[in-house]
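Asker: One structure, pasted below without further comment.
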Amino acid sequence: MELNELYREVILDHNRHPRNFGRLDPADALANGHNPLCGDKLTVTLRMDGDAISDLKFDGNGCAISVASASMMSEAVKGRPRAEVDALFDRVHALLTQADAPSDATLFRSDGIGKLAALSGVREFPARVKCASLCWHTLNAALANLQGAAPSPISTE
Amino acid sequence: MSTPYNVAQVRSDFPILSRQINGRRLAYLDSGASTQRPRAVIDAVDYYETQLHSNVHRGVHTLSQLATDAFEAARERVRRYINATSTREIIFVRGTTEAINLIAQVWGGVTLQAGDEIIVSALEHHANLVPWQMACAARGATLRIAPIDADGQLQLDQFLAMLGPRTRMVAMTHVSNVMGSVLPVQAICAAARERGIATLIDGAQAVAHETVDVRALGCDFYAFSSHKLYGPTGIGVLYGREALLEALPPWQGGGDMIRTVSYQSATWNDLPYKFEAGTPHISGAIGLAAAMDYVESLGLKAIAAHEHALLQRATAALLQVPGITLQGTAADKGAVLSFTLAGVHPHDLGTILDHEGVAIRAGHHCAMPLMDLLGVPATARATFGCYNDNEDVDQLVRAVVRAREVFG
Ligand SMILES: Cc1ncc(COP(=O)(O)O)c(C=O)c1O
């Protein structure tokens, strides 16, 4: 377990310069995520084009892992139909939690989203898994809000 | 002449300190969350478990008597530690949180009326905030927050000005678990008592670091946890002035707290048992008593002086690191050092420090409103205990410098 496996250059870069940072207004859906353990808070706004996410922004305050994860997620899901986003969510979740999940970037690279593999170091730091998954849970909540469900804050605690 | 404080000797009393973390020497700087246990406590609990255990206050057999004697001796040990008048004033509970809830519910239930006021400080741990919010909500009372200054000290004048005809309770921390400020508890309690207002002091962060004399402090209630005083988890103490406890109804019902029971009704046992329903944490009380023996054998004055020197060393060294901001700079400060590092979230700092063998706490420290007041999502917090040494401090500072490098 080495620090540079957690704080890979890609992650530090996305933390320093988060992509798609801000809020869409108007947006088709908005959701707030909160990790009470460390105080991480983030808001995801998105716009849809039919069944696909046409645009997405996030903002908030969090540790490097949560900011970088949200930033990379924002790049990865833009333009994707919901079924692909759901599949991606499952794979990221496995990457973060399962010791034997494929961590080499090839699996992701085939989809043109290899960067997300940089998060594989997180699973060696169990206390930080929730930091990396907060944005995905928040995205799910935003997508659920599209169905007209009342917006409810999502918490990873 | 007292002998100089021998921290190497103290360290050797704590078995856990010799283990490694991530292949590195452990610098345990999280005693504010929970202290480690000395061999004396581990042995006392072990002796109880292997030689004395039975239920207390129940049987005529030898073990029951031995267990009861040890349990009640622990109560007397606690009484002496905080200089209470009588063991009738020492209630064993699960910890600070339970002690405060007990008073908020039982005292609040018979005392609070709509329009009454309770005052807490802006520094409070959730344990000394939420129970009062609940009591106020249940009774239609109002919770008021006494402000702090930029250093993290209670603004005494403003607090005094808040005391009014409807104030019923002042509940405040003795030492802030976030900013380290030592509150002027004596002045707070004197002002309240003059006006017939009850006081509860949250001593969780005080009892391991300074001599606590509940009579000299002049408080009505005092709460603390064993696990922040080198004792076991799951046990703590509620001190209450006898006259006040006597006047209160019981809290939980069950065994031990009764004198007589019929199918329809019951009468209550005497203090302190009236507030101790069910089988208590016997080994915990015995471990706590051993912890108090241990702490007093080192001397609270000596511990405080040692911790203060560590605090000063750490403060001076951290201030040399570019980007460090200290949260809590009161003149009178306990063994707590909260800080933030520009560009590095406290959570990342915590992970990097842990990787270097340095255990600190990173987060909101169960004081979310205080984080909002300070305008930070979280802080990193190093807290000191009797076993910390200069190497712990230096390891902390090196690790913080390393975190800056990682985030370059
Ligand atoms: C000031 C203060 N009050 C109350 C508590 C709660 O103590 P416990 O969790 O042992 O009940 C703590 C512990 O974190 C504390 O620091």
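Asker: Sum up the charges of everything whose Cβ sits under 11 Å from the Cβ of B:His308, counting Lys and Arg as +1 and Asp and Glu as -1, but leave B:His308 out.
Answerer: 0
Asker: Given B:Gln186, B:Leu17, B:Leu238, which one lies farthest toward the positive end of the charge dipole of chain B, if we put +1 on the Cβ of every Lys and Arg and -1 on the Cβ of every Asp and Glu?
Answerer: After comparing all options, I get B:Leu238.
Asker: Same structure again: Residues in segment B:8-45 near a label at A:Ala127, defined as backbone nitrogen under 15 Å from the 7 Å Cα→Cβ point?
Answerer: Once the point is set 7 Å along Cα→Cβ of A:Ala127, B:21-24, B:26-35 turn out to lie under 15 Å by backbone N, inside segment B:8-45.
Asker: Ignoring everything except DSSP H segments at least 4 long, calculate the 222 nm mean residue ellipticity for chain B; use -39,500 (n - 2.57) per segment, divide by total residues, nearest 500. Can you show the working numbers first?
Answerer: On the way: 14 runs with 161 residues, N = 408.
That calculation yields -12000 deg cm²/dmol at 222 nm.
Asker: If the chain between B:Ala187 and B:Ala302 were fully stretched, how many nm would it gain, using 0.36 nm times the residue separation less the Cα-Cα distance? Let's see the in-between values first.
Answerer: Numbers: separation 115, 0.36 × 115 = 41.40 nm, distance 2.51 nm.
Using 0.36 nm per residue and subtracting the Cα-Cα distance, I get 38.9 nm.
Asker: Which FRET efficiency value, to the nearest 0.05, is calculated for B:Ala114 and B:His61 with the Förster distance at 60 angstrom and r the Cβ-Cβ distance?
Answerer: Once rounded, the FRET efficiency stands at 0.70.
Asker: How far apart, in nanometres, would the label points at B:Arg25 and B:Thr211 be if each is projected 7 angstrom from Cα along the Cα-to-Cβ direction?
Answerer: 3.4
Asker: Could you look at segment A:3-146 and say what percent of its accessible area is carbon and sulfur, using a 1.4 Å probe and all protein chains?
Answerer: Here it works out to 50 percent.
Asker: Still on this structure: Tell me, what is the 1.4 Å probe accessible area of B:Trp268, in Å² to the nearest 10?
Answerer: Here the residue's solvent-accessible area equals roughly 120 Å².
Asker: Is there a pair in A:Lys57/A:Lys78; B:Lys228/B:Lys301; A:Lys41/A:Lys115 whose C-alpha atoms are over 19 Å apart, and which pairs would that be?
Answerer: In this structure, A:Lys41/A:Lys115 lie more than 19 Å apart at Cα.
Asker: Sticking with this one: Counting only heavy atoms of protein chains, what accessible area per residue, in Å², does chain B have with a probe of 1.4 Å?
Answerer: Details: 15830 Å² over 408 residues.
I get 39 Å² per residue for chain B.
Asker: Compare the Cα positions of A:Ala141, A:Ala52, A:Phe21 along the charge dipole of segment A:3-146 (+1 at Cβ of Lys, Arg; -1 at Cβ of Asp, Glu; about the Cα centre) and return the one farthest towards the positive end.
Answerer: It is A:Phe21, whose Cα lies furthest towards the positive end.
Asker: Highest GNM mean-square fluctuation, chain B, Cα pairs closer than 10 Å: which of B:Ala198, B:Ala316, B:Ala367?
Answerer: Per the Cα network of chain B with a 10 Å cutoff, B:Ala316 tops the list.
Asker: Once you have the Cα-Cα distance between B:Asp293 and B:Arg166, take 0.36 nm times their residue separation minus that, and quote the gain in nm to one decimal.
Answerer: Between B:Asp293 and B:Arg166, full extension yields an extra 41.5 nm.
Asker: Would you mind computing Rg(Cα) / (2.2 N^0.38 Å) for segment A:3-146, counting N as its residues?
Answerer: Segment A:3-146 yields a ratio of 0.96.
Asker: With charges only on Cβ, +1 for K and R and -1 for D and E, what is the dipole size of chain B about its Cα centre, in debye, rounded to 20?
Answerer: That gives a dipole near 200 debye.
Asker: For peptide A:55-62, what's the mean number of Cβ atoms from other chains within 10 Å of each residue's Cβ? Intermediate results must be reported in sequence, preceding the final value.
Answerer: Working: counts 0, 0, 0, 0, 0, 1, 4, 5.
So the per-residue partner count for this stretch is 1.
Asker: Please work out the FRET efficiency for the pair A:Asn4 and A:Asp51, using the Cβ-Cβ distance as r and a Förster radius of 60 Å; give the result to the nearest 0.05.
Answerer: 0.95
Asker: Here's something else I'd like to know. Provide the buried accessible surface between chains A and B in square angstrom, both chains summed, 1.4 Å probe, rounded to the nearest 100.
Answerer: That pair of chains buries around 1500 Å² in total.
Asker: Is there a quick way to get the dipole size of the protein assembly as shown? I mean about its Cα centre, with the Cβ of Lys and Arg at +1 and of Asp and Glu at -1; what is the value in debye to the nearest 20?
Answerer: 320
Asker: Relative to the longest principal axis of chain B, what angle (0 to 90°, nearest 10) does the C-alpha long axis of helix B:300-319 take?
Answerer: 40
Asker: To continue, here is another question. Over the heavy atoms of B:Glu72, what accessible area does a 1.4 Å probe trace out, to the nearest 10 Å²?
Answerer: 50
Asker: Would you check the accessible area of B:Leu374, probe 1.4 Å, heavy atoms only, in square angstrom rounded to 10?
Answerer: Its heavy atoms expose roughly 50 Å² to the probe.
Asker: Carbon-plus-sulfur fraction of the accessible area of chain B, 1.4 Å probe, in percent?
Answerer: Answer for chain B: carbon and sulfur cover 52 percent of the accessible area.
Asker: If you don't mind, another one. In a shell of Cβ-Cβ distance under 14 Å around B:Val214, excluding B:Val214 itself, what net charge do Lys and Arg (+1) and Asp and Glu (-1) give? Write down the numbers at each step before the final one.
Answerer: On the way: positive: B:Arg79, B:Arg80, B:Arg88, B:Arg193, B:Arg215, B:Arg241; negative: B:Glu89, B:Asp202, B:Glu210, B:Asp213, B:Asp220, B:Glu242.
Computed value for this residue: 0.
The values are calculated or read from the model by the stated rules, or taken from the named source; none is laboratory data. Given the structure is predicted, the values throughout are model-derived calculations rather than measurements. Every residue, glycine as well, gets a Cβ built from its backbone with ideal geometry; the counts of neighbours run over all protein chains shown. Accessible surface areas use protein heavy atoms only, side chains included; no ligands, DNA or RNA. Shrake-Rupley method; radii C 1.70, N 1.55, O 1.52, S 1.80 Å.
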